[in-house]
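First comes the structure, then the notes that go with it.
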Amino acid sequence: MERQRGQPVDETLAIIITAAGRGTRAGGEAPKQWRTVAGKPVLAHTLAAFEGLGRILLTLHPDDMLRGLELTGGRATLIAGGETRAASVRNALEVLEGSLVTRVLIHDGARPFPSRRMLQDVISALDRSDGAAPALAVSDALWRGTAGLVTGLQPRDGLFRAQTPQGFRFPAILQAHRAHPGGAADDVEVALAHGLSIAIVEGEDDNFKITYPADFVRAERKVAPMDVRLGNGYDVHAFTAGDHVWLCGVKVPHDRALLGHSDADVAMHALTDAIYGALAEGDIGRHFPPSDPQWKGAASEIFLAHAGRLAGERGYRIANADVTIVCERPKIGPHAAAMQERLAAILGVEAGRISVKATTSERLGFTGREEGIAALATATLVSA
């Protein structure tokens, strides 16, 4: 049922998009439908979802008419909204009387991401019902409450969260609005009061309505391309006298120790630098200068945890990390699983996202001569 590019708009289908409200709960200086998501007004995303599907009528506050004309470029009929949503819808329906329209979709302007599949499901359902609307079955427990206290439970069986667009056969919904006294929560309420049959079609989680400030963050994540960052880290520490080495947060018995200002966990240092590198935040020395005595002998998990927190604060999560330890001895294999678990715990990710492995340098170079240990790490960060 998808309309191909270049085909004429279906003149028997009208889409009424309601955008006359002020949306104060969403915060900001402008009404929510005019605030931007990914550089475009919310309303622009909503209009794009219906492009080419049918005739579009846009209800607007009288103060927004010029802005609406600039946004639509004349590709939509602009209707002055009423005091209520129901009044705005009726204004648009009355304009359609006498036209070729036989079906109408009524949609919230601040619900910018309905899929074309869902729209077609609503339209198809009008072949067997007076109206149709998308909805999501309630899956959470429901409570009743007063003054911040739970006062009772509400069975959730047969309950749905209503969405838009709500579709109707045009003559029926026009008569329903003319007969309704006003004050309806949505057009399904108007239709039911007039005795119309309404089919439920499957809604979508992404078809959310922008209502509160946090919804803008969700909307940005929906449309913004995923930001993927890759960082590399490399570190070397020489051997010194001792009886163990710290590698990836695991104490490994050995006949020598690693020399360093902190605990000299060469592998964890490499991974920490990889995360800092992905964030363009330099290296450990920038954040924890070796000239600062407070980091003398410090556990390297302090550095790694800081890098992980910084990634989260910048809006990223760690997709995966790969650590390679280069040494002849000690043997890493028996400890690799524990190292993997330890790094994952510090970073707050599942162990399956962390790889720890080892290799030798075939007796070549300083690692081959067992003068020290080197480590390499790669970290991939993605926008959360």
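Every number in this text was worked out from the coordinates using simple rules, so none of it is lab data. Every value quoted in this text rests on a predicted model; they were computed, and no experiment measured them. Backbone-built Cβ (ideal geometry, glycine too); neighbour counts: all protein chains shown.
In table form, for the structure just shown:
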| read-out | value |
| --- | --- |
| Sparse-neighbourhood loop sites, trypsin sites (Lys or Arg not before Pro) in the range 48-129 - DSSP loop, at most 13 other Cβ within 10 angstrom | Arg75, Arg128 |
| C-alpha long axis of helix 170-179 to longest principal axis of the chain, angle in ° | 80 degrees |
| The chain: most fluctuating residue of Gln294, Gln120, Gln166 per GNM, C-alpha cutoff 10 Å | Gln294 |
| Lysine pair number, Cα distance threshold 29 Å (strictly under), the chain, separation 8 or more or different chains | 12 |
| Unit charges at the beta carbon, dipole of the chain: most positive-side option, Leu381, Phe160, Ser124 | Ser124 |
| Inter-part distance where the range 177-232 and the range 107-148 are each reduced to a Cα centre, Å | 7 Å |
| Angle in degrees between helix 301-313 and the longest Cα principal axis of the chain, rounded to the nearest 10 | 20 degrees |
| Most mobile listed residue (Phe239, Phe168, Phe216) in the chain, GNM with C-alpha springs under 10 Å | Phe239 |
| Spin-label model distance (nm) - Arg218 vs Arg75, 7 Å beyond Cα toward Cβ | 2.7 nm |
| Low-density loop cleavage sites - trypsin sites (Lys or Arg not before Pro) in the range 287-366, where at most 15 other Cβ are within 10 Å (DSSP) | Lys296, Lys331, Arg363 |
| Choice from Thr211, Thr367, Thr146 with maximal GNM fluctuation in the chain (Cα, 10 Å cutoff) | Thr146 |
| Part-to-part distance (alpha-carbon centres) for the range 249-276 and the range 303-350, which is given in Å | 12 Å |
| Within the chain, helix-based [θ] at 222 nm, where runs of 4 or more DSSP H residues each add -39,500 (n - 2.57), nearest 500 | -8500 deg cm²/dmol |
| Placed amide H near Asn320: partners under 5 Å, 5+ positions off or other chain | Thr380 |
| In degrees, nearest ten, helix 213-223 long axis to first principal axis of the chain (Cα) | 80 degrees |
| The chain - percent relative contact order, Cα under 8 Å, separation 6 or more | 14 percent |
| Amide H within-cut-off set for Phe160, under 5 Å, with H built and near neighbours excluded | Val138 |
| For the chain, convex hull of alpha carbons as volume per residue, Å³ | 230 Å³ |
| Shape of the range 1-138, Cα gyration tensor, a/c cut at 1.5 | rounded |
